[in-house]
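A.B. asks: Following this message is one structure expressed as structure tokens.
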Amino acid sequence: MKIKLFSSIKLALPIVLAVLTLNLARAQSDSGEIKITRSVDTFGQKPIPVSLTGFTGEAAEVLRFDLYVQGFSFVSADAAQYLISGSDSGAVVGNVTDKFAKKVVLSRSYNGASLRRQAHAFADDIVFAITGKKGIGQSKIAFKSQGANGSGKGEIYVADFDGNAAQSVTSDAAIVAKPAWATGKMAVYYTSYARGNPDIFYHSLSSGQRKVIAGYSGLNTSASVSPDGSKIAMVLSKSGSPNIWVCNADGSNLKRITTGLEDSSPTWSPNGDWICFATKVAERRRLAKVSASGGKIQVLSTSGVSSPTEPDWSPDGKWIAFTRQAGDFDICVMAADGSVPPVVLVAGQNPSWAPNSRTLVFNHAIGHRQVLSVLDVFTKQYKDCARANGSNSQPAWAK
């Protein structure tokens, strides 16, 4: 009997301690003394293993690039979960088999476009078939491009998201900066010194027509278009300090919404209610947000990461990417609601979210040259855009 009683006590004791610990934690949490959160490995996730056979040259290059920066890795058929096979002889024909489920999840052929665009379309279909999310293979970016060693004043270019098929938008032979896409349109906003002052232009890519949206005395830069396309946030110094202002898409109904000493880099929340930006508080660089109609700013915590700037709010509203300025530049991501603290991902600056809210384009230095690169945030996999010539920076992804 003594042995049985002792055994029962041994079994019961951990349960009692666990209950007491849980109750204590609840009581302390309720009193506001201790906040217990569950640690989640958000970044550094394992990529989806796939094998790729039958594709050559440009088609293989496109598929490997597109899938890698959306969370896939390429392994042997034995180690893969999904088997991607097909051919690119004249046109792209592709199949995807789920090896574990033993079924074909995609079988399709493509035509009516270049081989490269067919491969992008196949990559998009693969992403959707496996993850249920739309792919980014056919999306566009805008960026500033200078000479190979960073020389020259630069021009604004647009290209496929991987840097291919780059085309110049401007030919001002003047300093240009900060391109931003008009929501849902083939049009961009950017800053140009074409008139001798840093003014914000609107530029239609289909017609080539452009017009000045903000040409006030002083600085006019960093245009950011609201999700519905009706408003623009921007940085103006017309009242002295550079602050965040908001106007209609045509430049009318201008309103100042911040009054800090050094406000910069506005970015809209996906619901259009908030604008996140960089500012200085007590001589320290911080991120903050303010109602799109103005009001008191709310400083955001970037605990453990100093000197944040260049924020960009993900299209799904969950994440804010930004640049850390600490000697060198680093790309960081944090949860917009503060539930996941900032994480330093890779060296670089000027992050811009893809429409899928998991991939970023940014630029980083290789010698005296700035190179565009595309990063899958959750696996930390990234590739340089080797097809984009020159020194390229300040990328903006079309949404």
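A.B. asks: What is the packing order of peptides 223-233, 42-52, taking the mean over residues of other C-beta atoms within 10 Å and listing the highest first?
C.D. replies: Most protected by this proxy first, the peptides run 223-233, 42-52.
A.B. asks: Quick one: compute the contact order of the chain, relative version, from alpha carbon pairs under 8 angstrom and 6+ residues apart, as a percent.
C.D. replies: Computed value for the chain: 12 percent relative contact order.
A.B. asks: Compute the longest continuous run of the chain that contains no exposed GluC sites (Glu not before Pro); treat a site as exposed when its DSSP state is not H, G, I, E or B and it has at most 16 other Cβ atoms within 10 Å.
C.D. replies: The answer is 34-261.
A.B. asks: Non-local amide H neighbours of Glu262 (under 5 Å, H modeled in plane, Pro and chain starts lacking H): which ones?
C.D. replies: The answer is Lys280.
A.B. asks: Let me ask another. Using θ = phi - 60° and the Karplus curve 6.51 cos²θ - 1.76 cosθ + 1.60, what whole-Hz ³J(HN,Hα) does each residue of region 262-279 get, with Gly and Pro shown as x?
C.D. replies: 9, 9, 7, 6, x, 8, 8, 6, x, 8, x, 7, 10, 10, 8, 7, 9, 8
A.B. asks: While we're on this one: Where does region 45-110 land on Rg/Rh, using Cα atoms and the Kirkwood Rh?
C.D. replies: 0.95
A.B. asks: Across 5 Å bins from 0, what is the distribution of all Cα-Cα pair distances for region 251-301, in whole percents?
C.D. replies: 5, 21, 31, 25, 12, 4, 1
A.B. asks: Take the alpha-carbon centre of region 209-225, take the same for region 152-184, and report the distance between them in whole Å.
C.D. replies: The two parts, judged by their Cα centres, are 16 Å apart.
A.B. asks: In percent, what relative contact order does region 284-399 have, based on Cα pairs under 8 Å that are 6 or more apart in sequence?
C.D. replies: 17 percent
A.B. asks: Here is a follow-up. Where does the chain land at 222 nm, in deg cm²/dmol rounded to the nearest 500, when only DSSP H runs of n ≥ 4 count, each adding -39500 (n - 2.57), divided by all residues?
C.D. replies: Counting only the DSSP helices, I get -5000 deg cm²/dmol.
A.B. asks: Continuing with this model, one more query. Sort the following peptides by mean Cβ neighbour count (other Cβ atoms within 10 Å, averaged over residues), highest first: 71-84, 265-278.
C.D. replies: So the peptides 71-84, 265-278, ranked by packing, come out 265-278, 71-84.
A.B. asks: Provide, as a two-decimal number, the C-alpha radius of gyration of region 140-397 over 2.2 N^0.38 Å, N being how many residues it has.
C.D. replies: 0.93
A.B. asks: So, in Å, what gap is there between the alpha-carbon centers of region 135-151 and region 330-387?
C.D. replies: Each part's Cα centre sits 14 Å from the other's.
A.B. asks: With a cap of 13 neighbouring Cβ atoms within 10 Å, and only residues DSSP puts in a loop, list the trypsin sites (Lys or Arg not before Pro) found in region 279-365. Don't skip to the answer; put the middle values down first.
C.D. replies: Working: sites: Lys280, Arg284, Arg285, Arg286, Lys289, Lys296, Lys318, Arg324, Arg358; in loops: Lys296, Lys318, Arg358.
Sites meeting the loop and neighbour criteria: Lys296.
A.B. asks: Please label the shape of region 235-336 as rounded, prolate or oblate, based on the square roots a ≥ b ≥ c of the eigenvalues of the alpha-carbon gyration tensor (a/c under 1.5 means rounded; beyond that, a/b larger than b/c means prolate, else oblate).
C.D. replies: oblate
A.B. asks: So for region 48-131: antiparallel DSSP bridges make up what percent, rounded to the nearest 5?
C.D. replies: Details: 12 of 19 bridges.
Beta bridges within region 48-131, antiparallel portion: roughly 65 percent.
FYI, it's all coordinate maths here, none of it is from the lab. This one's a predicted model, so the numbers in the text were calculated from it and none came from an experiment. Note that each Cβ is placed from the backbone with ideal geometry, even for glycine, and that neighbours are counted across all protein chains shown.
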